[in-house]
Amino acid sequence: MNKKFYITTPIYYVNDVPHIGHAYTTLACDVLARYKKARGYDVFFLTGTDEHGQKVEKAALANSETPIELADRVMQRFAALWEKLNINNTDFIRTTQQRHKEGVQKIFSKIEATGDIYLGSYEDWYCTPCETFWTETNLIDGCCPDCGRPTDKLKEESYFFRMSKYQQQLLDHIENNPEFIQPRSRRNEVLSFIREGLRDLSISRTSFSWGIPVPNNDKHVVYVWFDALNNYITALGYPDDKEGKFAEFWPASVHVIGKDILRFHTVYWPTFLMAAGLPLPEKVFAHGWWTVEGKKMSKSMQNVVEPNMLVDKYGVDPIRYFLLREVPFGLDGDFSQSSLVHRINSDLANDLGNLVSRTTAMLSKYFDGVLPEPCDATEFDQKFINQFPEKMEIIDKQMNDLAFNKSLVSIWELIRSANKYIDDTAPWALAKDTDKKEQLGGVMYNLLEAIRLVGLLVGPFMPDTATQILNILGEDGQNLSLNDQDQWGGLKAGVTIEKATPMFPRIEE
Ligand code: MSP
């Protein structure tokens, strides 16, 4: 039986349209899902949309739509973008789907039955004109921090989740599982938050109605985060699990999220799972945020980077490459068109594109495009060849650590070393001496075999490019596997390889 790998993106709110920040999270998951699949894992890759809550209700109202009309419309935009970005998700969950609503209600009832969900009330300061509750510390001189008008003390009935009960268990879990929250700096942030003390959490609302009704009390709707987080298990069919997917794939191998939603995923979610008696996800990885040309991305700044436009202008693989190469996964980064263009020209056109076009052009010129036999490797050749298995081991570790930019650096070290191998062996000089035909053949074989392995390695990041490279070599460019095809020597002598057209035209800076 194959090993399992379950990876998730956050589910995206439908009150906003997709931008480069959302695309980033989903892309990272797609790359890792593809990599694991190529390594022989059974992969389940989940994404979806978060469609309930007051924010969505308000956005719909402002747009003179019903919430479900808004959700249907915006959900399509996410799905269309994922298709355009070549995202290969296994499932797409919407929190308005029946399977999810039923699942959430059952989980709610299950925890309620244990006594860890109870009905209570909370008292807070309410600003009627703004229809907002504030805590005592939010108030400015007893007045609403938004509008400055007086507030009233109001009591609202609410269901509570007994989060306080799980404080020690959660601390123990995080301490005993150093891999659970990553990167490390985020782990410390969460630990100090928990040590300040966990309070019980209000998990229902009565002030609006766009949500999943609380079982047996439909005055209340389930709090949007209790609703949303459970998507990770309702998508697998929990609690009924008729198809056995939950048994097969839970616990998740990794939840990939942005740093802004760390607390929900590393405090709320694990304690919900503990209360339901379920195992915790193996890893939660929080990536950083993108700014644009040095500024925070926001609608009011009108600087939101629209991924569709970028793909139309630069192509899908260059965008996929850039987003994961430019910034170490986990840190914040800045998006600028000039750095994008620079990366396309230097890394893609110069390094990778040139390697493929130079090599295939030489093969046509010196061997009419027919791949010669490898010849006995010199010490110099062997050093070149040995890098491949060595680097692949390093890359495997980097991928498992979600260090995408480091993996790309490693792959590009191989590409640059292949370009250097051309300069060092100088095939054009060997071609002038008929005695050196065999040696020239060996050089060409090594270069094309290096290109094959590079093609496989870039596959998760740039699927179309990988297909193109492998097709040029006469290989199956559709089903990329790193499991049995990652050994040196896979190319068979005698195949005809056509001269490649430039893969990445240079862009004017
Ligand atoms: N609906 C919740 C998640 C529920 S998961 C059970 C949510 N949605 S969101 O649409 O607001 O954000 C989804 C993801 O997009 C978050 O991980 C967030 O970090 C990411 N990004 C939104 N803007 C971003 C940037 N500017 N840069 C990088 N990622 C950002 O939160």
Distance between modelled label sites at Thr378 and Glu69, nm, 7 Å Cα→Cβ extension: 7.4 nm
Kirkwood hydrodynamic radius of the stretch 379-458, Cα pairs, Å: 13.5 Å
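Using 0.36 nm times the number of residues separating Ser121 and Asn2, minus their current alpha carbon distance, what extension gain do you get? Display every interim value, and only then the final one.
Values: separation 119, 0.36 × 119 = 42.84 nm, distance 4.90 nm.
Length difference between fully extended and current span is 37.9 nm.
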Top positive-direction residue, dipole computed over the chain with Cβ charges, set Ser209, Cys144, Gln382: Cys144
The stretch 241-255 - phi-based ³J(HN,Hα) in whole Hz, Karplus 6.51/-1.76/1.60, Gly and Pro as x: 6, 4, 8, x, 6, 4, 4, 6, 10, 8, x, 4, 6, 7, 9
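Can you list the GluC sites (Glu not before Pro) in the stretch 127-175 that are in a DSSP coil and have 15 or fewer other beta carbons within 10 angstrom? Walk me through the intermediate numbers first.
Details: sites: Glu131, Glu136, Glu156, Glu157, Glu175; in loops: Glu131.
Those satisfying the criteria are Glu131.
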Compactness of the stretch 247-365, expressed as Rg and Dmax over alpha-carbon positions, Å: 20.2, 69
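Count the net charge of all other residues whose Cβ sits under 14 Å from the Cβ of Arg184, scoring Lys and Arg as +1 and Asp and Glu as -1. List each step's numbers first, then the result.
Details: positive: Arg186, Arg187, Lys259, Lys283; negative: Glu175, Glu179, Glu189, Asp401.
Result for the neighbourhood of Arg184: 0.
If I take every Cα pair under 8 Å that is 6 or more residues apart in the chain, average their sequence separation and divide by the length, what percent do I get for the relative contact order?
Details: 792 pairs, mean separation 81.2, N = 509.
So the answer I get is 16 percent.
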Positive minus negative residues near Phe108 (Lys, Arg vs Asp, Glu; Cβ under 12 Å): -1
Karplus 3J(HN,Hα) series, Hz, for the stretch 479-494 with 6.51 cos²θ - 1.76 cosθ + 1.60 (x for Gly, Pro): 9, 7, 10, 9, 6, 10, 10, 9, 8, 4, x, x, 6, 9, 4, x
Exposed-loop-free span, longest in the chain, where trypsin sites (Lys or Arg not before Pro) count as exposed if DSSP calls them loop and at most 12 other C-beta atoms lie within 10 Å: 4-198
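Is there a pair in Lys55/Lys155; Lys155/Lys259; Lys4/Lys242; Lys397/Lys437; Lys110/Lys219; Lys84/Lys299 whose C-alpha atoms are over 30 Å apart, and which pairs would that be? Show your work: numbers first, answer last.
Details: Lys55/Lys155 22 Å; Lys155/Lys259 33 Å; Lys4/Lys242 19 Å; Lys397/Lys437 40 Å; Lys110/Lys219 19 Å; Lys84/Lys299 23 Å.
Those over the limit are Lys155/Lys259; Lys397/Lys437.
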Gap separating the Cα centres of the stretch 439-478 and the stretch 84-104, nearest whole Å: 35 Å
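Report, as a whole number in µm² per second, the diffusion coefficient that Stokes-Einstein gives for the stretch 121-269 at 37 °C and 0.692 mPa s using the Kirkwood radius over alpha carbon pairs. Please list the in-between numbers first.
Values: Rh = 18.0 Å.
In µm²/s, the coefficient rounds to 182.
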Dipole magnitude (debye, nearest 20) for the chain, charges at Cβ of Lys, Arg, Asp, Glu: 160 debye
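Where Lys and Arg each count +1 and Asp and Glu each count -1, what net charge lies around Asp347 among other residues with Cβ under 10 Å from its Cβ? Mind dumping the intermediate values first?
Working: positive: Arg325, Arg343, Arg416; negative: Asp351.
Residues near Asp347 contribute +2 overall.
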Cα→Cβ-extended label distance, 7 Å offset, between Met309 and Lys58, nm: 2.6 nm
Amide H contacts under 5 Å for Thr291, placed H, 5+ residues apart: Gly333, Asp334, Phe335
Percentage relative contact order, the stretch 337-472, counting C-alpha pairs under 8 Å, at least six apart: 30 percent
Computed label-point distance, nm, for sites Val409 and Thr90 using a 7 Å Cα→Cβ extension: 3.2 nm
Where the Cα pairs of the stretch 337-472 fall when distances are cut into 5 Å bins, in %: 2, 9, 19, 22, 19, 14, 8, 4, 2, 0, 0
Mean ellipticity per residue at 222 nm, deg cm²/dmol - from DSSP H runs of n ≥ 4 across the chain, formula -39500 (n - 2.57): -14000 deg cm²/dmol
Whole-Å distance, taken between Cα centres, linking the stretch 490-509 and the stretch 191-262: 48 Å
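What number results when the radius of gyration of the chain, computed over Cα atoms, is divided by 2.2 N^0.38 Å?
Relative to the rule-of-thumb radius for its length, the chain sits at 1.15.
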Amide proton proximity set for Val214, modelled H, under 5 Å, gap of 5+: His220, Val221, Val222
Dipole magnitude of the stretch 337-472 about its Cα centre (Cβ charges: Lys, Arg +1; Asp, Glu -1), debye to nearest 20: 400 debye
Under-5 Å amide H pairs with Ile93, H placed in peptide plane, nonlocal only: Thr47, Gly48, Thr49
For the stretch 131-175 and the stretch 30-57, distance of Cα centres in Å: 31 Å
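Read-outs: derived from the displayed coordinates by stated rules, not from any lab. All of these numbers come straight from a predicted model, not from anything done at the bench. Ideal geometry is used to build each Cβ from the backbone, glycine not excepted, and the neighbour counts take in all protein chains shown.
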